[in-house]
């Protein structure tokens with residue numbers, strides 16, 4: 001078969017490593033608007049819901065019963081269901097309608113009604129909705145910190161760095177479940193070394209997770225998974241009532257909880273019952289709300305590749321974030337699991353949450369290498385830190401992190417690793433050596449760490465879990481070992497646990513260890529000039545990426561002393577002989593000494609003059625003062641030249657061959673890509689100019705095309721041009737120069 | 001007394017009144033007390049009254065379901081860890097009979113005054129019976 005070279009290349013692109021599938025509603029492979037989704041309806045009789053979304057009370061499953069009894073506000077339900085779905089959609093996109101107005105009505109909407117509202121909205125309108133309906137005013141971010149070695153020093157170091165980078169929450173998990181207490185301990189100590197007030201959790205089986213929280217090793221939990229059909233829920237070994245009880249149990253110990261849902265899980269478990277992913281997610285979210293969870297982690301989470309295989313999948317994921325916000329839930333918006341091979345696709349998807357902002361833009365930014373991520377690979381990893389910081393800086397959008405320097409990272413990583421070393425020593429756990437600390441401080445991932453003997457570690461973990469030691473013992477260990485500041489941070493987490501302020505919706509601790517939630521930092525967005533926008537110190541911090549240089553630094557390497565061999569004689573006159581006039585920019589060989597490509601001005605002059613001489617002609621040199629523009633400089637040269645041929649040369653190296661009969665902005669040959677020009681090119685330019693002057697047949701000079709040059713050098717180009725323009729004297733005529741040089 | 005949203009955060013506004021689960025004053029929870037070995041985990045746990053205050057705040061903030069959850073949580077502060085884990089296990093699907101759930105509800109109410117939790121578990125018992133989620 002004939003093969004297109006272009007299609008062959010396209011087939012190898014990252015985007016074509018993905019799987020795409022056509023919708024199949026019967027199997028739940030449809031993101032929204034399944035033909036089997038019910039139409040919205042609600043019948044209330046004597047204060048009870050007797051029918052919902054086309055199902056009579058006697059046919060309700062456990063989820064319907066839970067939603068009807070716990071989640072819906074019956075006071076507003078009738079009015080809420082009567083309002084046309086398109087009216088809701090318009091209110092969500094309307095900057096003049098504050099979130100509270102809409103939230104009151106939404107509280108009375110059935111799952112099918114919620115889904116029906118989304119039907120009327122495109123992605124842009126949903127982003128407007130999310131910006132407004134997000135419950136906390138200030139956006140934030142969560143990090144994932146794991147490593148395949150489950151090395152405590154590396155976990156602590158990475159957690160410390162993540163905390164310093166500004167993540168408000170850090171989540172870890174386990175490869176071997178028995179490591180849970182040690183992994184939780186390492187990120188607790190690590191985060192509180194990096195910044196006091198970062199919330200931490202360890203994602204494990206529900207009962208084990210509660211035990212970790214009871215020991216004070218974690219301050220939040222978000223793995224309370226819910227599903228949109230009764231069968232899937234039961235397959236997950238829970239009911240809405242058991243999950244709600246678990247939520248209360250966590251809260252009774254002063255631990256923040258967030259449920260987990262997300263599109264695709266029901267289809268993946270083979271129990272979608274023909275319903276669309278979004279409709280099932282609406283049911284999940286009402287269960288979450290009814291259970292009294294302050295928030296939810298959704299955005300498809302670990303199932304993300306499934307909606308992304310289907311048409312409209314990325315839109316549906318934004319829709320589920322929006323639905324959760326509409327219901328007054330804190331949203332940790334996904335973007336965590338590996339969703340695409342393509343950098344373009346994964347970044348485009350991120351924008352749907354990044355631009356409007358979410359309570360947590362990621363429910364786990366992988367603050368570690370992809371290979372170390374035990375959550376199924378990160379969609380954004382430690383390798384993408386700089387990219388992410390630049391996105392914040394580009395758009396003036398707060399993505400919840402900040403740039404740090406290498407020195408800051410090394411220092412905090414070492415301190416975090418030393419702190420966990422001290423805790424292990426004080427608690428009599430298997431020793432962490434100084435060599436392991438040194439490795440963790442500089443490590444990128446597990447591959448950079450020495451091997452640890454896992455057997456005694458696991459035995460110690462079992463004993464630690466079974467024993468009485470808790471975070472009070474950890475605080476004391478840190479005090480004894482001289483880590484008083486880290487101890488104080490964990491102690492303050494304990495006091496915050498007593499005050500329980502961070503059980504309110506969407507709570508985090510800010511840089512000053514003050515709680516910030518939807519109660520004292522409620523989203524007040526009502527259009528331009530309102531709501532959260534990064535300013536002041538925060539915006540300065542976002543701008544200050546270590547890669548940013550001072551403007552002076554671009555020009556300084558090109559500044560030099562005036563060339564002693566280049567002497568100004570007097571005003572330049574028009575020549576009468578067959579010659580080439582080389583016209584220089586005002587700073588050439590004066591204020592500036594080298595081209596943008598680093599060639600000495602002296603060498604460039606020699607190359608051009610040599611080229612002219614090789615064709616048997618002589619070049620005169622003049623300096624143009626009234627302009628720094630390349631065409632204008634070259635045009636002056638052409639008009640002063642006896643042959644009518646001139647070469648214009650700017651200090652940064654841009655050159656033109658001009659001819660006096662042409663319009664000023666026209667030319668014979670233009671060499672705009674000065675960084676690519678070599679001495680050989682300049683010699684060829686001299687030759688060609690001479691050949692034009694002689695009327696000889698001339699092949700234009702071949703120049704290497706480097707389309708990246710402008711991208712790399714545009715700042716330097718602008719600043720060098722500005723420096724040359726500083727030397728412009730508008731009224732000063734061109735001056736004749738003498739360059740002390742003889743042809744070889 | 002009903003707390004209002006303006007009292008939030010309690011960590012700042014009620015620092016002098018907050019009590020730990022063990023009955024200590026928040027101001028007793030100091031680095032020195034920890035160093036002296038005078039505090040244990042129970043001294044760094046929240047008191048039922050504090051959770052009820054937070055429930056008031058959540059209700060006023062427009063989060064009634066969260067308020068109900070915090071109310072149930074307040075009732076559970078006195079339930080020992082191991083018992084909490086057992087109750088959770090019993091509430092999972094197909095773990096308990098209808099009567100076991102009713103007995104559990106009565107026990108919680110009688111032992112800990114956990115009225116809300118008892119009602120909640122009784123509701124669950126009815127639904128589990130209807131939806132065949134009881135132990136077989």
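The values are calculated or read from the model by the stated rules, or taken from the named source; none is laboratory data. All values reported here derive from a predicted model rather than from experimental measurement. Glycine gets a Cβ as well: all are built from the backbone with ideal geometry, and neighbour counts include every protein chain shown.
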> Do we have residue B:96 as under 20 Å from residue A:244 (Cβ atoms), more than 7 Å from chain A (Cβ to nearest Cβ) and either modelled with pLDDT under 95 or buried (at least 19 other Cβ atoms within 10 Å of the Cβ) (or both) here?
Replying inline: yes
>> Of the residues B:101, B:133, only one is at the interface with chain A (Cβ under 10 Å from one of its Cβ atoms) and within 22 Å of residue A:259 (Cβ to Cβ); which?
In response: B:133
> With region A:549-659 as the region, which helices (runs of 4 or more DSSP H) entirely inside it contain at least 1 residues that are at pLDDT 95 or above and farther than 19 Å from residue A:722 by Cα?
Replying inline: A:601-614, A:630-640
>> Tell me the residue from A:221, A:157 that is over 19 Å from residue A:256 (Cα atoms), buried (at least 24 other Cβ atoms within 10 Å of the Cβ) and under 29 Å from the mean Cα position of the chain (by Cα), please.
In response: A:157
> Got a sec? Which of A:68, A:103 is under 28 Å from residue A:264 (Cα atoms), within 14 Å of chain B (Cβ to nearest Cβ), in a helix (DSSP H, G or I) and touching a strand residue (DSSP E or B) at 6+ places or on another chain (Cβ under 6 Å)?
Replying inline: A:68
> Do you know which residues across region B:66-83 are within 7 Å of chain A (Cβ to nearest Cβ), in a helix (DSSP H, G or I) and surrounded by fewer than 23 Cβ atoms within 10 Å (Cβ to Cβ)?
Replying inline: B:68, B:81
> When residue B:39 is evaluated against the numbered criteria (1) assigned to a loop (DSSP other than H, G, I, E, B); (2) under 20 Å from the mean Cα position of the chain (by Cα), which criterion, by number, is the only one it fails?
Replying inline: (2)
>> Checking the conditions here, which among A:228, A:236 is buried (at least 24 other Cβ atoms within 10 Å of the Cβ) and either closer than 23 Å to residue A:508 by Cβ or at pLDDT 90 or above (or both)?
In response: A:228
> Does residue B:59 satisfy the condition of being surrounded by fewer than 23 Cβ atoms within 10 Å (Cβ to Cβ), in contact with a helix residue (DSSP H, G or I) (Cβ under 6 Å, 6 or more places away or on another chain), more than 9 Å from chain A (Cβ to nearest Cβ) and farther than 17 Å from residue A:499 by Cβ?
Replying inline: yes
>> Please list, ordered by residue number, the helices (runs of 4 or more DSSP H) wholly in region A:231-312 having 3 or more residues that are within 14 Å of chain B (Cβ to nearest Cβ), closer than 25 Å to residue B:126 by Cβ and in contact with a helix residue (DSSP H, G or I) (Cβ under 7 Å, 6 or more places away or on another chain).
In response: A:240-252, A:277-290
> Say we look at region A:22-58 and pick out the residues that are in contact with a helix residue (DSSP H, G or I) (Cβ under 9 Å, 6 or more places away or on another chain) and in a helix (DSSP H, G or I); which of these is nearest to residue A:71 (Cα to Cα)?
Replying inline: A:57
> Within region B:29-55, which residues are more than 9 Å from chain A (Cβ to nearest Cβ) and under 20 Å from residue B:78 (Cβ atoms)?
Replying inline: B:42, B:49, B:52, B:55
> Only one of (1) more than 7 Å from chain A (Cβ to nearest Cβ); (2) in contact with a helix residue (DSSP H, G or I) (Cβ under 8 Å, 6 or more places away or on another chain); (3) surrounded by fewer than 19 Cβ atoms within 10 Å (Cβ to Cβ); (4) closer than 21 Å to residue A:493 by Cβ is not met by residue B:4, so which one is it?
Replying inline: (4)
> Using beta carbons and a limit of 6 Å, which pairs, at least six apart or on different chains, have the first residue in region A:633-651 and on the phi > 0 side of the Ramachandran plot and the second one surrounded by fewer than 24 Cβ atoms within 10 Å (Cβ to Cβ)?
Replying inline: A:644/A:659; A:644/A:660
> Looking at A:515, A:472, A:486, A:442, which one is within 11 Å of chain B (Cβ to nearest Cβ) and within 18 Å of residue A:186 (Cβ to Cβ)?
Replying inline: A:472
> Wholly within region A:114-227, which helices (runs of 4 or more DSSP H) include no fewer than the required count, namely at least 2 residues that are farther than 30 Å from residue A:42 by Cβ and touching a helix residue (DSSP H, G or I) at 6+ places or on another chain (Cβ under 6 Å)?
Replying inline: A:152-164, A:180-194, A:206-214
> Taking helices (runs of 4 or more DSSP H) that do not extend beyond region A:358-474, which have at least 1 residues that are surrounded by fewer than 20 Cβ atoms within 10 Å (Cβ to Cβ) and more than 26 Å from the chain's Cα centre (by Cα)?
Replying inline: A:406-426, A:434-442, A:454-466
> Counting only residues that are surrounded by 15 or more Cβ atoms within 10 Å (Cβ to Cβ) and outside any strand (DSSP E or B), which one in region B:8-21 is farthest from the other protein chains (Cβ to nearest Cβ)?
Replying inline: B:13
>> Taking the conditions exactly as written (loosely packed, with under 11 Cβ neighbours inside 10 Å, under 30 Å from residue B:59 (Cα atoms) and more than 14 Å from chain B (Cβ to nearest Cβ)), does residue A:598 satisfy them or not?
In response: no
> Can you spot a residue in region A:674-686 that is assigned to a helix (DSSP H, G or I), within 38 Å of the chain's Cα centre (by Cα), without any contact (Cβ under 8 Å) to a residue 40 or more places away in the chain and surrounded by 14 or more Cβ atoms within 10 Å (Cβ to Cβ)?
Replying inline: no
>> Let me confirm something: among A:502, A:532, which residue is more than 9 Å from chain B (Cβ to nearest Cβ) and either part of a loop (DSSP other than H, G, I, E, B) or in contact with a strand residue (DSSP E or B) (Cβ under 8 Å, 6 or more places away or on another chain) (or both)?
In response: A:532
